[in-house]
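Peer 1: Shown below is the structure under consideration.
The values are calculated or read from the model by the stated rules, or taken from the named source; none is laboratory data. Note that the structure is a prediction, hence the values are computed from the model and not measured. Note that each Cβ is placed from the backbone with ideal geometry, even for glycine, and that neighbours are counted across all protein chains shown. In case anyone asks, the SASA skips ligands and DNA or RNA and just uses the protein heavy atoms, side chains included. Shrake-Rupley method; radii C 1.70, N 1.55, O 1.52, S 1.80 Å.
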Amino acid sequence: MKFQLATAQFSPFKKNVAANLDRIAGFLEQAAGESIDVVLFPESAVTGYFLEGGVLECALTTEALTQELHARLGKLAREIDFAVGFYEIESGNLYNSAAYFNWSSAGLVLVHCYRKFFLPTYGVFDEERFVARGSELSVFETRFGPMSLLICEDVWHSISSTICAIKGAQVILVPSASPARGFAGEKPGNVLKYEQLLSAISAEHNVFTANAALCGFEGGKGFPGGSLICDPDGQVLVSSPLQDEHLAVAEIDLERLRVARSRSPLLGDLQSAWGDIVRNAEEAHANLA
């Protein structure tokens with residue numbers, strides 16, 4: 001199976017949910033007009049990232065997000081899937097979440113909602129003060145095969161993508177909001193780190209990976225962008241320029257998974273040793289108790 005995947009590098013208006021949803025709908029109209037099948041938006045694209053105590057006033061239930069988007073997507077000329085980062089409220093708890101949707105003539109359907117597993121609370125980050133941690137590393141079925149969502153910090157922990165690959169993910173989508181830091185080279189250090197992380201995940205597990213990054217400025221902090229998509233050999237298929245909003249598109253050919261895994265069967269090795277890995281993990285957990 002082949003399909004067109006795009007990363008929508010995006011600079012949201014801080015706390016302006018309605019305006020950001022309008023602009024997300026605009027990106028989707030453009031993508032549909034260009035025959036793109038799946039669009040990945042960044043972490044917190046609906047609101048901006050650095051909200052702190054403003055998370056509560058801007059958070060949406062998945063039902064409200066679905067309704068708001070549905071009301072804006074009537075002009076779409078073709079079926080399209082997309083994932084968008086937002087702050088979620090559910091049963092009194094707040095989460096940093098990403099929702100995957102399918103739009104068709106039948107309307108907008110929420111396929112899956114993922115809640116960020118690892119919450120950074122160091123340096124400029126203070127997420128654990130304002131949102132709760134998710135507890136599931138999930139694989140969900142789409143019309144283009146099994147996928148996973150991981151949000152920003154989640155991919156800095158190799159165990160997250162490993163579990164998603166073991167569970168069967170063929171494409172790992174990574175929305176992020178990563179402020180620029182490390183200015184020793186042509187690109188900020190965090191942009192280079194994402195290139196390294198996604199390339200390594202793709203090469204080790206022979207999966208496609210895609211990162212959609214925030215760009216622009218919030219509260220004096222700059223988001224550099226640098227979104228990218230990697231193939232199952234760890235090669236960068238396409239990347240976005242720094243700073244600017246941008247729609248980067250790559251063809252995803254799932255047949256390449258089989259070819260890559262036949263050349264480098266690391267995932268098969270991992271699957272065969274998984275029982276022992278779990279046993280060792282349980283022993284390590286017992287030592288932490």
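Peer 1: Which residues, counting only those in region 75-104, are more than 19 Å from Pro12 (Cα to Cα) and not in a loop (DSSP other than H, G, I, E, B)? Let's see the steps before the verdict.
Peer 2: Step one: list which residues in region 75-104 are more than 19 Å from Pro12 (Cα to Cα), which gives 75-81, 89-94, 101-104.
Answer for region 75-104, where residues must be more than 19 Å from Pro12 (Cα to Cα) and not in a loop (DSSP other than H, G, I, E, B): Ile80, Asp81, Ile89, Glu90, Asn93, Leu94, Phe101, Asn102, Trp103, Ser104.
Peer 1: Limited to region 183-200, what total is found for residues that are more than 28 Å from Arg261 (Cα to Cα) and either at pLDDT 95 or above or open to solvent by less than 10 Å² (accessible area, probe 1.4 Å) (or both)?
Peer 2: Residues that pass the stated criteria total 1.
Peer 1: If you don't mind, another one. Test Ser148 against the criterion of being outside any strand (DSSP E or B), within 25 Å of Lys2 (Cβ to Cβ) and either in contact with a Cys (Cβ under 8 Å, 6 or more places away or on another chain) or open to solvent by 20 Å² or more (accessible area, probe 1.4 Å) (or both), and give yes or no.
Peer 2: no
Peer 1: Quick test for you: out of Ile252, Ile229, pick the one residue that is β-branched (Val, Ile, Thr), at pLDDT 95 or above, farther than 28 Å from Gly182 by Cβ and not in a loop (DSSP other than H, G, I, E, B).
Peer 2: Numbers: Ile229 fails: farther than 28 Å from Gly182 by Cβ.
Only one candidate qualifies: Ile252.
Peer 1: Follow-up. In the set Ala169, Ala180, Ala203, which member is of a type in the set (A, V, I, L, M, F, W, C), open to solvent by 30 Å² or more (accessible area, probe 1.4 Å) and without any contact (Cβ under 8 Å) to a residue 60 or more places away in the chain?
Peer 2: The match here is Ala180.
Peer 1: Go through region 42-63 and report how many residues are among the aliphatic types (A, V, I, L, M) and buried (at least 24 other Cβ atoms within 10 Å of the Cβ).
Peer 2: 3
Peer 1: Turning to a different aspect of this structure: Given the criteria open to solvent by 40 Å² or more (accessible area, probe 1.4 Å) and closer than 24 Å to Gly275 by Cα, does Ile159 qualify? Steps first, please.
Peer 2: Values: open to solvent by 40 Å² or more (accessible area, probe 1.4 Å): yes; closer than 24 Å to Gly275 by Cα: yes.
Criteria met by Ile159.
Peer 1: Going through region 267-289 one residue at a time, which ones are hydrophobic (A, V, I, L, M, F, W, C) and either at pLDDT 95 or above or surrounded by 10 or more Cβ atoms within 10 Å (Cβ to Cβ) (or both)?
Peer 2: The answer is Leu267, Leu270, Ala273, Trp274, Ile277, Val278, Ala281.
Peer 1: Right, next: Could you say whether any residue in region 64-73 is surrounded by 14 or more Cβ atoms within 10 Å (Cβ to Cβ), charged (D, E, K, R), modelled with pLDDT of 95 or more and within 30 Å of Leu237 (Cβ to Cβ)? So that I can check it myself, show each step before the final result.
Peer 2: Step one: filter region 64-73 for residues surrounded by 14 or more Cβ atoms within 10 Å (Cβ to Cβ), giving 64-66, 68-70, 72-73.
Imposing the further condition that a residue be charged (D, E, K, R) reduces the set to 68, 72.
Right, trim to modelled with pLDDT of 95 or more and you get 68, 72.
Now drop any that are not within 30 Å of Leu237 (Cβ to Cβ), which leaves 72.
Yes, some residue in region 64-73 is surrounded by 14 or more Cβ atoms within 10 Å (Cβ to Cβ), charged (D, E, K, R), modelled with pLDDT of 95 or more and within 30 Å of Leu237 (Cβ to Cβ).
Peer 1: Can you pull out every residue in region 230-289 that is within 23 Å of Asn206 (Cα to Cα), under 18 Å from the mean Cα position of the chain (by Cα) and aliphatic (A, V, I, L, M)?
Peer 2: Of everything in region 230-289, those that are within 23 Å of Asn206 (Cα to Cα), under 18 Å from the mean Cα position of the chain (by Cα) and aliphatic (A, V, I, L, M) turn out to be Val236, Leu237, Val238, Ala248, Val249, Ala250, Ile252.
Peer 1: Got at least one residue in region 207-221 being surrounded by 15 or more Cβ atoms within 10 Å (Cβ to Cβ), touching a residue at least 12 places away in the same chain (Cβ under 8 Å) and among the basic types (Lys, Arg)?
Peer 2: Within region 207-221, none of the residues are surrounded by 15 or more Cβ atoms within 10 Å (Cβ to Cβ), touching a residue at least 12 places away in the same chain (Cβ under 8 Å) and among the basic types (Lys, Arg).
Peer 1: Still on this model: Restricting the first residue to region 5-29 and requiring it to be more than 13 Å from Cys58 (Cα to Cα) and without any contact (Cβ under 8 Å) to a residue 40 or more places away in the chain, which pairs with a second residue that is crowded, with 21+ Cβ neighbours inside 10 Å and of a type in the set (A, V, I, L, M, F, W, C) meet a Cβ separation below 8 Å and a spacing of at least six or different chains?
Peer 2: Arg23/Phe10
Peer 1: I'm checking my understanding of the structure. Among residues of region 105-133 that are under 27 Å from Phe3 (Cβ atoms), assigned to a loop (DSSP other than H, G, I, E, B) and touching a Leu at 6+ places or on another chain (Cβ under 9 Å), which one is least open to solvent (accessible area, probe 1.4 Å)?
Peer 2: Lys116
Peer 1: Please verify whether region 1-12 includes one or more residues that are of a type in the set (Val, Ile, Thr) and either open to solvent by 40 Å² or more (accessible area, probe 1.4 Å) or not in a strand (DSSP E or B) (or both).
Peer 2: Taking every residue of region 1-12 in turn, none turns out to be of a type in the set (Val, Ile, Thr) and either open to solvent by 40 Å² or more (accessible area, probe 1.4 Å) or not in a strand (DSSP E or B) (or both).
Peer 1: May I pose another question? Quick check on region 231-254. Is at least one of its residues surrounded by fewer than 14 Cβ atoms within 10 Å (Cβ to Cβ) and free of Cβ contacts under 8 Å to residues at least 12 places away in the same chain?
Peer 2: No, region 231-254 has no match at all.
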